[in-house]
Every structure is written in C-alpha cells, then in structure tokens.
Amino acid sequence: MDTTQNQRDWTSHPPLIAPGYKSTIFRGPSQNLITVPELMKPSSGPIFGLESVAPLDHDLTKNGIKNGEPLGERIVVSGRVLNQHGQPLKNTLIEVWQANAAGRYVHKRDQHHAPLDPNFFGAGRCVTNEEGIFKFYTIKPGAYPWGNHPNAWRPNHIHFSVFGPNIGTRLVTQMYFPGDPLLDYDPIYLAVPEKARERLISTFDLSLTEEGFALGYQFDIVLRGHHSTPFENE
Amino acid sequence: MNKLGQTPSQTVGPYFAYGLTPEQYKFDHKSLATPVLLDANKNTQDLIILRGKVYDLHGEAVDDAMIEIWQVDQKGEFQTKPHQGFFSIGRMGTGTLEGNWFEFTTCIPAAEKSGQAPAIHMIVFMRGLLSHVYTRVYFEDFKELNQEDPYLKLVAEERRNTLIAKKVQESPVAIYEFNLHMQGEKETVFFDY
Ligand SMILES: [Fe+3]
C-alpha cells in the first residue's frame, strides 16, 4: 500500500503564510502542523447524497429569479471529482458561490459599487453522479476589486466547497477561467506552487457548450486518495 | 501508476456566508449544516454548548471565519440524515454574534476508537487562510482519558492545553469554551491529517 497517498501534498497547496496576500501574515498559523501517523487518520465521515440538493440548486441562472432572467453570459460548468488514482468519486457534494456578471456579491459586506442583479443570487450546490460527474449552470462571474494592494482585482472565479469520503478530503478552492490576464497579478492564485496552478483553471469545452444557450467549461477536481476506498482493497 | 496531482486549496474568502451558512446570515437559501447539531426537542442525548472565538496575531477576534465541526454522536456514529435529532456536521460563521463568537449546540461525542478521548473535529476556514486547518476539541472533564489520547500525545505537553475546551458553565446547560489563536504565544495546535 502506498502510505503517502493520504497526505495533503504541500507541493500542491498554498502555504499558510504567503506575504503577497496580506491577511495571511496575521491569520495563518506560524507553527508546524502536527503530522498524524497514517493509521491514526480519521477514515470515516459523513457522506452527503442527492437528498442534500434541491431541484434548482444546480442552476444559478434560475434559482435567484425574481422577475426576469439574470444578466450576463450563461455558462455550464462540468467536470469529474476523482481521487489521485483517477477513480471517480460518486455522491460527492459540491457547493458553489460567486459574484454576479458585474463582479458584485450578494453578501452584505461586499461594498463594491457594481450593480446587484435582482435575478441572480450566486450560490448553489450539486452532487456527483455514479461517474463522479457534476454539472451546474450559472452566469460567468465578473472581476472585482479588493483591498490587498493598490489596484488589486480578483480574476473571474467561482468558489467551490467539496466534501469527499472523509475529513481529509475536504477541500475549498476556486475555479478560474482560461486566458484571464488578472491571474498574473493575483496573490491568492499565485500563492499556489507554480506546477499546480493550472489545475485551478477550467478549460473551455465546445462539446459541453449548449447550442444557443450556454458556453461550456470543464473543471476536474482531484481529492486526496484514501486507503479505505474500495479499489485499494481489491 | 502515476498519481494525479491534488487540486490546490484556495481561501474561502470573505463572502462565503450566502453560499455556505446562508440561514445563519439570513439569506434566502437553505443551509446544509447549521450551528445546531443536536435538536433538544427530539433528543435524549446530553446537550452542550460549544463556543469560542478565533483570534488573529493581534488578538482581534476574527469576524469572517467559518468553523466546521464534525463529530460522532454519543453512540459513536456519524449521522448525516436527520436521525433522532442529531446531525454530524455543524457550521457557523463568526460574523453574526456580537463579539464574533461561534456557538454550537451539540453533545460530547463518544470516543471514536478505544484508547481515545472524546473529541470533536474542527476545521477552520477564513479570509486570509489559503488552506484550511484541522484541530481537535477535547473536554477538560476527561482528564485521565485525555492523558492517554494518542493525538494529544503527539503534541508537546506545554501546547496540549490549546486543545482542551474549558467548562465555563455547569447548568442549566453545560457550556464549553474553546478559543482558537491563529498565531502568537497561545497559538492553537493544528493537525495535518
Ligand atoms: Fe471571491
């Protein structure tokens, strides 16, 4: 058995303190994390299934409608959730939230003076199917300014929260879009080790694109493998 | 076999509330997990309140952290369907209670394995934290079990107290306090699972 497959791979994840992203300096733990031996890792955890999701949860172009269609470019985002052996993880809950097409969040704390869209809420969730595939519809989020440094703008992104089979596979991440010029200036994206950055960028996919309706983007998510997955007991 | 690379973590950012803890922040969207794990009306298990704050390097209580707790019930089982009024995952943001508290209604779990002390898993997410961190909440009532707990034994003795919730009220309901210090002299111990 590969005993390292469980580890959080710190050559793939951003460090806890990344000075370019200022608030990490005061909020990221400074002491080393305590490594837990393989056999002591919690291997069970709650599983969320389809019952966690309401019918319109996967369609952000509809779940916030008050009196019309939301503004902006409709997109469909789909991908697979896999473990590190490339095996699909079914019944995996994904929660997403994002800014509207103008770069404004519904969140009360967002003071960016871009318009709110009365017909766009910006949050949803979906669950992967038997093949580990998820799919949701939304509006392409806009870029927005933030206070980290002068003239700081976040690239277009969708926030993802993912549950895997156990507490070790928990992941919160952000999906970006190909060719975004702001990526080169974003300390949150750039805090990720260089070799792993492109894993956060979705790819445009004409085969996902729905004619006359929405542009398709593909985004696969790889969670840590675990020895309790059926495959490894074979 | 070449393994696929892990998808990197990114911060939850300051605007998680309407996506992840909408009911708490009064958004019109259903919450999947709330600060209430144990429903006192449907439950015979012993209810406790677990509360705390998240302090940054300057000793300021963070108002945009999201705390997730995972725990088994008093019988040692994970419950993810409403079952006898207990749900195994709780979530709360620190932005709605005055003083920036998180506050969960739950029970003290059974020990997950023999030889372990009862503990609640806690995951910390916040703006300014690029990768979430894990800690474990122990209870001061279990002095002997805590002494033998294999996770606590991994921790230098002088830092173990950062993982022990203090009982600050006995009745009518037991209240335990567990404060997180992200940095500084009292920095909380975080584990890498
Ligand atoms: Fe954002």
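The values are calculated or read from the model by the stated rules, or taken from the named source; none is laboratory data. Please read all numbers here as calculations on a predicted model, not as lab measurements. Note: ideal-geometry Cβ built from the backbone for every residue, glycine included; neighbour counts use all protein chains shown. These accessible areas exclude ligands, DNA and RNA; they are computed on the full protein's heavy atoms, side chains included. Shrake-Rupley method; radii C 1.70, N 1.55, O 1.52, S 1.80 Å.
In region B:1-32, the residue that is nearest to B:Ser131 (Cα to Cα) out of those that are touching a residue at least 40 places away in the same chain (Cβ under 8 Å), of a type in the set (Gly, Ala, Ser) and part of a loop (DSSP other than H, G, I, E, B) is B:Ser9. Among the criteria (1) more than 12 Å from chain B (Cβ to nearest Cβ); (2) open to solvent by 30 Å² or more (accessible area, probe 1.4 Å), the one A:Ser78 does not fulfil is (2). Screening B:Phe142 on (1) over 21 Å from A:Asn166 (Cβ atoms); (2) in contact with a Phe, Trp or Tyr (Cβ under 9 Å, 6 or more places away or on another chain); (3) open to solvent by 30 Å² or more (accessible area, probe 1.4 Å) shows it passes everything except condition (2). Look at (1) more than 7 Å from chain B (Cβ to nearest Cβ); (2) open to solvent by less than 60 Å² (accessible area, probe 1.4 Å); (3) over 18 Å from the mean Cα position of the chain (by Cα); (4) in contact (Cβ under 8 Å) with a residue 40 or more places away in the chain and you find that A:Val53 fails only one, number (3). For region A:50-80, filtering for residues that are hydrophobic (A, V, I, L, M, F, W, C), more than 16 Å from the ligand (Cβ to nearest atom) and in a strand (DSSP E or B) leaves 2.
Let's see how each residue does on (1) under 21 Å from B:Ala165 (Cα atoms); (2) under 11 Å from the mean Cα position of the chain (by Cα); (3) part of a loop (DSSP other than H, G, I, E, B):
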position	(1), (2), (3)
B:Lys81	no, no, yes
B:Ala111	yes, no, yes
B:Gln116	yes, no, yes
B:Met122	yes, yes, no
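Residues of region B:65-87 that are crowded, with 23+ Cβ neighbours inside 10 Å and of a type in the set (S, T, N, Q): B:Gln71 alone.
Would you confirm, using the coordinates I've provided, whether B:Arg136 is within 24 Å of A:Leu39 (Cβ to Cβ), of a type in the set (Lys, Arg) and within 14 Å of chain A (Cβ to nearest Cβ)? Can you show your working first?
Working: within 24 Å of A:Leu39 (Cβ to Cβ): yes; of a type in the set (Lys, Arg): yes; within 14 Å of chain A (Cβ to nearest Cβ): yes.
For B:Arg136, the condition - within 24 Å of A:Leu39 (Cβ to Cβ), of a type in the set (Lys, Arg) and within 14 Å of chain A (Cβ to nearest Cβ) - is met.
Flag not set for A:Asp184, criterion: among the charged types (D, E, K, R), free of Cβ contacts under 8 Å to residues at least 40 places away in the same chain and within 16 Å of the ligand (Cβ to nearest atom). Scanning region A:81-122 for residues that are more than 10 Å from chain B (Cβ to nearest Cβ), in contact with an Asp or Glu (Cβ under 8 Å, 6 or more places away or on another chain) and more than 16 Å from the ligand (Cβ to nearest atom) returns A:Pro88, A:Lys90, A:Asn119.
Each row is one residue, and each column tells you yes or no for (1) more than 15 Å from the chain's Cα centre (by Cα); (2) open to solvent by 10 Å² or more (accessible area, probe 1.4 Å); (3) more than 11 Å from chain A (Cβ to nearest Cβ).
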| residue | (1), (2), (3) |
| --- | --- |
| B:Ile89 | no, no, no |
| B:Thr96 | yes, yes, no |
| B:Gly99 | yes, yes, yes |
| B:Leu129 | yes, no, no |
| B:Pro150 | yes, yes, no |
| B:Glu157 | yes, yes, yes |
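Scanning region A:26-50 for residues being more than 7 Å from chain B (Cβ to nearest Cβ) and open to solvent by 30 Å² or more (accessible area, probe 1.4 Å) gives a total of 6. Residues in region A:125-169 that are touching a Pro at 6+ places or on another chain (Cβ under 7 Å) and within 14 Å of the ligand (Cβ to nearest atom): A:Ala143, A:Asn148, A:Ala152, A:Trp153, A:Asn156, A:His157, A:Ile158.
A quick yes/no check of all residues on (1) within 14 Å of chain A (Cβ to nearest Cβ); (2) closer than 21 Å to B:Val72 by Cβ; (3) free of Cβ contacts under 8 Å to residues at least 24 places away in the same chain:
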{"residue": "B:Val124", "(1), (2), (3)": "yes, yes, no"}
{"residue": "B:Arg160", "(1), (2), (3)": "yes, no, no"}
{"residue": "B:Val168", "(1), (2), (3)": "no, no, yes"}
{"residue": "B:Glu187", "(1), (2), (3)": "yes, no, no"}
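When you look at B:Gly13, is it more than 27 Å from B:Val189 (Cα to Cα) and either within 16 Å of the ligand (Cβ to nearest atom) or touching a Cys at 6+ places or on another chain (Cβ under 9 Å) (or both), yes or no? So B:Gly13 fails the test.
Being more than 11 Å from chain A (Cβ to nearest Cβ), under 22 Å from A:Lys108 (Cβ atoms) and open to solvent by less than 10 Å² (accessible area, probe 1.4 Å) is a property that B:Thr34 lacks.
Pairs are defined by a Cβ separation below 6 Å, a sequence spacing of at least 6 or placement on different chains, a first member in region A:2-25 that is farther than 18 Å from A:Ile188 by Cβ and within 7 Å of another protein chain (Cβ to nearest Cβ), and a second member that is in a loop (DSSP other than H, G, I, E, B) and modelled with pLDDT of 95 or more; the pairs so defined are A:Asp9/B:Gln6.
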